[in-house]
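**Student:** Quick one: this structure, given as structure tokens, is what I'll be asking you about.
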Amino acid sequence: MSLGSCTHNNGDIGYWFGLWHLDSIDIDGTPAADYDGNIYFMFQGKVFCIRCVDELNHDYAESFAQWQESDDHQSMTLTFADNRFPPDISPLVPLEVVTKFSVITLGSKEMVLRHVHCATGVTRTYHFTRWE
């Protein structure tokens, strides 16, 4: 899997850079039993990609956005140019044109993001490991 983007500062975006595998999802504190382990987040420069992989036939659906980290490093916002989100992702990763995540943990091997859906109030916590 690759992701292309223009870069600045030699492309250094710190721990965000690269491919992250979504290991598990908690919905209002309860593990999502129906998650298939098939979602990836990718960051390079200011470009973000979410990819949902169908392991049976190796197809995938993906959508691109611009992303921005807050100055205090406590949140990350995705801004999509359109509403073409991968349909298989929507129930477990409900994305909106502008989607804000709280950054719970961000390190070289682990990332935890939290999102509270504006319309429903449902809190989802996403647990990632860096895919190498």
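Here, each number is a calculation from the coordinates, and none is a lab measurement. Owing to the predicted nature of the structure, the values given are computational and were not obtained by experimental measurement. As a convention, Cβ positions derive from the backbone with ideal geometry for all residues, glycine included, and neighbour counts pool all protein chains shown.
**Student:** Within the stretch 13-46, name every residue whose backbone N is under 18 Å away from a label modeled 7 Å from Cα of SER102 along the Cβ vector.
**Tutor:** Those under the cut-off are 25-31.
**Student:** Additional query: With just the Cα atoms defining each centre, how far is the stretch 42-81 from the stretch 109-123? Give it in Å.
**Tutor:** For the stretch 42-81 versus the stretch 109-123, the Cα centre distance is 14 Å.
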